[in-house]
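Enquirer: One structure follows; several queries about it will come next.
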Amino acid sequence: MTNLIENIEEERFNNNDEEFNLKKFTKKLKELSENYEDYLSGKKTLKMNNNEVKYFGTQMYECAIIQPKKETQEIKPNKSSIIGSIVGYLNNILSLRIENSSDDSERNYNINLPDLFPKLKSLEIFQCDLNDFYDLHKFIPKLTHLTLDSCKMKNFKDVFLDGSLTNKIKSFTCTHNFINFFDESLKSLQEIENLDLHSNKITEITGMNYINIKNLNTLNLSFNQISSVSQIYMFLGYIKELNLSGNRLTSTKGLTKLYSLEKLDISENKITSIKEITALRKIPNLFDLKIALNPCTKREEHRAQTFLVLKSLIYLDNKTISKKEQEETENGRAKKNEAKTKGNGKNEAK
């Protein structure tokens with residue numbers, strides 16, 4: 001490939017095809033060649049826009065695909081060899097990010113991912129119309145990581161259909177869309193470990209029973225419109241990390257039964273009583289808690305009160321306990337134990 005790039009740069013290449021931008025695609029070939037090992041291992045994610053993906057997906061059928069090799073290859077520089085070389089690299093890419101082109105003059109229909117990226121494991125699509133991707137639902141079972149950001153999605157069926165076609169996705173991010181409920185298509189996520197649905201329009205957690213929670217460790221539902229999670233323990237029995245910040249919660253009811261929880265973010269909600277926070281003491285391994293920007297945090301002593309009751313807590317709003325808070329907490333525990341001792345003494349006297 002290095003030989004091909006050098007030949008392109010040294011020769012004055014006569015290009016009569018206006019659609020083929022020699023300078024642009026030589027730059028793409030260079031990028032692929034120089035970072036190939038990282039792309040092959042998945043250490044780096046290849047970034048392309050939807051117009052590029054469509055173009056190479058169309059041209060690959062009209063040229064001989066040249067698979068990348070370490071040894072020098074004598075290849076005559078022309079449109080077919082350049083496109084064939086680029087497609088050869090793309091055929092081996094593991095991680096891809098597709099962004100919407102700034103050129104709105106060309107609509108992108110029938111972008112065929114399976115043929116162009118047969119080895120792909122991680123796919124990120126940003127600000128694109130999913131209708132432009134041909135048979136995307138058939139391609140998804142090959143993936144382990146999928147991100148769909150700002151794609152104007154209204155429901156999960158846009159991607160997973162009726163949920164009958166299971167996949168091996170372990171991490172699914174669907175953010176800045178218009179999802180407002182959980183539907184049965186989520187049954188297809190049989191091996192999901194990390195689920196990020198922040199910045200959607202979800203109002204309630206009913207329907208979460210469709211999610212296979214056996215391997216689910218992390219769930220992000222921040223910046224939705226959820227007002228109650230009283231039944232959440234019925235769906236998330238094994239969850240370790242939960243983000244509910246930026247919602248409309250007034251109570252922690254339901255959260256207190258998530259006994260495997262280790263990290264919880266309920267900041268930027270509408271919780272007015274500190275008792276709702278101290279009720280979380282029932283979660284034995286909770287060590288990281290975020291409650292900032294709730295009405296109950298306006299009083300300065302809320303931190304000492306929280307540390308006093310939640311004995312497993314290490315971080316509160318990203319900060320460990322201060323020396324002053326430590327003293328206040330110890331004094332509070334001493335008074336609590338003293339009152340308990342006096343109470344036991346009175347009972348014995350009776």
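The values are calculated or read from the model by the stated rules, or taken from the named source; none is laboratory data. Keep in mind it's a predicted model, so treat the numbers as computed, not measured. Here the Cβ positions follow ideal geometry from the backbone for every residue, glycine too, while neighbour counts run over all protein chains shown.
Enquirer: Just to be sure before I move on: is Asn14 part of a helix (DSSP H, G or I), of a type in the set (S, T, N, Q) and modelled with pLDDT under 55 in the structure I sent?
Expert: Details: part of a helix (DSSP H, G or I): no; of a type in the set (S, T, N, Q): yes; modelled with pLDDT under 55: yes.
No: the conditions fail for Asn14.
Enquirer: Another question about this same structure. Tell me the residue from Glu300, Glu338, Glu327 that is loosely packed, with under 11 Cβ neighbours inside 10 Å and at pLDDT below 80, please. Don't jump to the end; show me each part of the working.
Expert: Details: Glu300 fails: at pLDDT below 80; Glu327 fails: loosely packed, with under 11 Cβ neighbours inside 10 Å.
Glu338 is the lone residue from the list that is loosely packed, with under 11 Cβ neighbours inside 10 Å and at pLDDT below 80.
Enquirer: State which residue is farthest from Leu165 (Cα to Cα) when the search covers only segment 123-142 and only residues that are surrounded by 19 or more Cβ atoms within 10 Å (Cβ to Cβ) and touching a Leu at 6+ places or on another chain (Cβ under 7 Å).
Expert: Ranking the qualifying residues of segment 123-142, first place goes to Ile125.
Enquirer: If you take the residues of segment 88-113 that are among the hydroxyl-bearing types (Ser, Thr, Tyr) and at pLDDT 85 or above, which of them is nearest to the chain's Cα centre (by Cα)?
Expert: Only one residue tops the list, namely Ser95.
Enquirer: Scan segment 274-291 residue by residue and report those that are surrounded by fewer than 17 Cβ atoms within 10 Å (Cβ to Cβ) and part of a loop (DSSP other than H, G, I, E, B).
Expert: The answer is Pro284, Asn285, Phe287.
Enquirer: So, one more: For segment 237-273, how many residues meet the condition of being buried (at least 19 other Cβ atoms within 10 Å of the Cβ) and farther than 21 Å from Ile202 by Cα?
Expert: Total meeting the criteria: 1.
Enquirer: If you don't mind, there's one more thing I want to ask. Could you say which residue among Ser185, Ser101, Ser150 is touching a residue at least 12 places away in the same chain (Cβ under 8 Å), buried (at least 20 other Cβ atoms within 10 Å of the Cβ) and among the polar types (S, T, N, Q)? Spell out the reasoning first.
Expert: Numbers: Ser101 fails: buried (at least 20 other Cβ atoms within 10 Å of the Cβ); Ser150 fails: buried (at least 20 other Cβ atoms within 10 Å of the Cβ).
Criteria check complete, one pass: Ser185.
Enquirer: Looking at this structure, is Phe172 outside any loop (DSSP other than H, G, I, E, B), in contact with a helix residue (DSSP H, G or I) (Cβ under 7 Å, 6 or more places away or on another chain) and either surrounded by 15 or more Cβ atoms within 10 Å (Cβ to Cβ) or at pLDDT below 85 (or both)? Even if it seems obvious, please write down each step before you answer.
Expert: Working: outside any loop (DSSP other than H, G, I, E, B): yes; in contact with a helix residue (DSSP H, G or I) (Cβ under 7 Å, 6 or more places away or on another chain): no; either surrounded by 15 or more Cβ atoms within 10 Å (Cβ to Cβ) or at pLDDT below 85 (or both): yes.
No: the conditions fail for Phe172.
Enquirer: Turning to a different aspect of this structure: For segment 175-202, how many residues meet the condition of being charged (D, E, K, R) and not in a loop (DSSP other than H, G, I, E, B)?
Expert: Counting residues in segment 175-202 that are charged (D, E, K, R) and not in a loop (DSSP other than H, G, I, E, B) gives 3.
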